[in-house]
Amino acid sequence: MYQNIEQQKNYWHKEVSNFDSIYSHRKSGFKNFLDKKLRWDMYERFDYTMRKSEPIEGKNILDVGCGTGRFVFEFVRRKAKKVVGIDIAPGMIETCKKIAEEKMINDKCEFYISDPFEFNTEMKFDVCIGIGLFDYIIEPLPVIKRMKELTTGKIILSFPKKGTLRAFIRKIRLNARNCDVYFFSPEDIKGYLKEAGIEKYNFDQFGQLYCITAHL
Ligand SMILES: C[S@@+](CC[C@H](N)C(=O)[O-])C[C@H]1O[C@@H](n2cnc3c(N)ncnc32)[C@H](O)[C@@H]1O
């Protein structure tokens, strides 16, 4: 089993508004201040993903673990042809569908409650992203291989750094809430990429994160 799916589904189903408030800033001034100081790398990761996904116009894009769809909606805004978001947490997908309806962009994006293995499609995507996903996956290799099967162009991935004080604190905090979380070294990640048959990639890091853009 590459992940404890039931545990993750339950955890994220309940975390929808908490998680989205990191982007929406709908929280107290002090909490926003803490996000800016401690989570700046999440915002940087968003910009990185957009930059590395370009040119987006006219492209088909898949977001694995799409959460509340923040990346999906930005891809649509940047004129992607079709964007598909999948997530195992029903609450996340309900929220994405609601926002897509409000924005009247239903024809540009689709959302499914699914992991990448159940996700059954004939479509091949130009870009496939897995951002903030591998933090919750004990065995990333099969997931990377599946993303590769679904993609013709680029795969963009993020991994949280192993061995930092923040990693230690985060592990205690999330484990206490019954959510497993995993951390990775550059060697771990490069090993997965090699085993997945991915040779060409950019390996970037900022803050607590490693970000990879693989060229297929
Ligand atoms: C930290 S959130 C990141 C959401 C979004 N990618 C972002 O960065 O804003 C992680 C999301 O991954 C989803 N997830 C975890 N494991 C998954 C899997 N195997 N397949 C699909 N989604 C998964 C969770 O339900 C959750 O919504």
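The values are calculated or read from the model by the stated rules, or taken from the named source; none is laboratory data. Since this is a predicted model, take the numbers as computed values, not measurements. Counting neighbours? That spans all protein chains shown, and the Cβs are built from the backbone with ideal geometry, glycine included. In case anyone asks, the SASA skips ligands and DNA or RNA and just uses the protein heavy atoms, side chains included. Shrake-Rupley method; radii C 1.70, N 1.55, O 1.52, S 1.80 Å.
So which of 52, 59 ends up being under 23 Å from residue 152 (Cβ atoms) and more than 16 Å from the chain's Cα centre (by Cα)?
Going through 52, 59 in turn, just one is under 23 Å from residue 152 (Cβ atoms) and more than 16 Å from the chain's Cα centre (by Cα): 59.
Within the set of pairs 6+ apart or on separate chains, which have a first residue in region 138-164 that is without any contact (Cβ under 8 Å) to a residue 24 or more places away in the chain, a second that is surrounded by fewer than 17 Cβ atoms within 10 Å (Cβ to Cβ), and C-beta atoms under 9 Å apart?
Listed pairs, sorted by first residue: 149/124; 163/185.
Which of the residues that make up region 26-56 are part of a loop (DSSP other than H, G, I, E, B), of a type outside the set (D, E, K, R) and either within 12 Å of the ligand (Cβ to nearest atom) or surrounded by 13 or more Cβ atoms within 10 Å (Cβ to Cβ) (or both)?
Result: 56, single match.
Can we say residue 60 is surrounded by 14 or more Cβ atoms within 10 Å (Cβ to Cβ) and away from the ligand (no atom under 16 Å from the Cβ)? Steps first, please.
Numbers: surrounded by 14 or more Cβ atoms within 10 Å (Cβ to Cβ): yes; away from the ligand (no atom under 16 Å from the Cβ): yes.
Against the criterion (surrounded by 14 or more Cβ atoms within 10 Å (Cβ to Cβ) and away from the ligand (no atom under 16 Å from the Cβ)), residue 60 qualifies.
Take residue 211 and tell me if it is in contact (Cβ under 8 Å) with a residue 24 or more places away in the chain, part of a strand (DSSP E or B) and within 15 Å of residue 134 (Cβ to Cβ).
So residue 211 passes the test.
Within the set of pairs 6+ apart or on separate chains, which have a first residue in region 121-136 that is at pLDDT 95 or above, a second that is within 12 Å of the ligand (Cβ to nearest atom) and among the aromatic types (Phe, Trp, Tyr), and C-beta atoms under 7 Å apart?
These pairs meet every condition: 129/71; 131/71; 135/182.
Residues being closer than 16 Å to residue 67 by Cα and within 13 Å of the ligand (Cβ to nearest atom): count how many of those fall in region 100-118.
Selection size over region 100-118: 6.
Please specify each residue of region 1-13 satisfying the condition of being surrounded by 13 or more Cβ atoms within 10 Å (Cβ to Cβ), over 23 Å from residue 43 (Cβ atoms) and more than 7 Å from the ligand (Cβ to nearest atom).
2, 4, 7, 10, 13
Is it the case that some residue within region 187-194 is open to solvent by less than 10 Å² (accessible area, probe 1.4 Å) and over 20 Å from residue 5 (Cβ atoms)?
yes
Restricting the first residue to region 188-205 and requiring it to be free of Cβ contacts under 8 Å to residues at least 24 places away in the same chain, which pairs with a second residue that is of a type in the set (Gly, Ala, Ser) and not in a helix (DSSP H, G or I) meet a Cβ separation below 8 Å and a spacing of at least six or different chains?
Every condition considered, the pairs that remain are 200/214; 201/214.
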